[in-house]
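Working notes, structure below.
FYI, it's all coordinate maths here, none of it is from the lab. Only a predicted model underlies this, so the values are computations on that prediction, with no experimental measurement involved. When we count neighbours, we look across all protein chains shown, and the Cβ atoms used for this are built from the backbone with ideal geometry, even at glycine.
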Amino acid sequence: MAATAPAQIRPFQPSDGSQVLALAPRLMEGVAHWRDPAAVGRAAKNWLQASIDTAGQPGHAVYVAVADGQVVGVVTVRERTHFTGQTDAYVGELVVASGMERRGIATALMNAVEAWTAQRGLAFLTLQTGAGNQPARGLYRQLGFDEEELLLTKAIQPGHHGQPNIWARLRSS
């Protein structure tokens, strides 16, 4: 059984905005080393901003963890159509403030999302995380998530058009 979170979990309020956005740098952890850190940082802030901007819309929710009057964690969720046509709940971001890890806060935030998902009658809760983000992957395994898809990346040198001289070799055979 998970430890009780030392934080109150509640729906996002507009006054939480700056504290939520201050957590964005933590979303850069576990991102592949070949990605541009500045671009990743901008994207992380934009993801959180978009999620808090749509928090009150149907099919969207944001929950925060608050301890001693400070936002120490956030999770965002929205309905998303899977390629099968089924509507799933999708966690866009889950982040806990540095120094607040391993206290049950992420689990408590995910429990709020699971309740949101169940309330809507959705059968699946999905999310994505960086392959190198081992702490997050471990948490998700503990919470009962199974791997469903895998994104593979290959670096391509600009101007490189596949195997060099393959047509020349084929013509000479």
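Report the calculated FRET efficiency for GLN49 and ARG141 (r = Cβ-Cβ distance, R0 = 25 Å), to the nearest 0.05. The calculated FRET efficiency here is 0.25.
Applying both filters, DSSP loop and at most 16 other Cβ atoms within 10 Å, to the GluC sites (Glu not before Pro) of segment 80-137 gives GLU101. Take every pair of alpha-carbon atoms less than 8 Å apart whose residues are at least six positions apart; their mean separation over the length of segment 8-171 yields a relative contact order of 21 percent. Charges were assigned to the Cβ only: +1 to each Lys and Arg, -1 to each Asp and Glu. The resulting dipole of the chain about its Cα centre is roughly 540 debye.
Between the residues GLN157, ALA50, ALA38, the greatest Cα displacement towards the positive end of the dipole of segment 8-171, with unit charges on the Cβ of Lys, Arg, Asp and Glu, is found for GLN157. Report the paramagnetic label zone for HIS82: residues of segment 108-130 whose backbone N is under 15 Å from a point 7 Å from Cα along the Cα-to-Cβ axis. Residues passing the 15 Å test: 117-118, 121-128. Distance between the C-alpha centres of segment 79-94 and segment 13-50: 20 Å, rounded to the whole angstrom. Counting only the Cα atoms, the chain fills a convex hull of 164 Å³ per residue.
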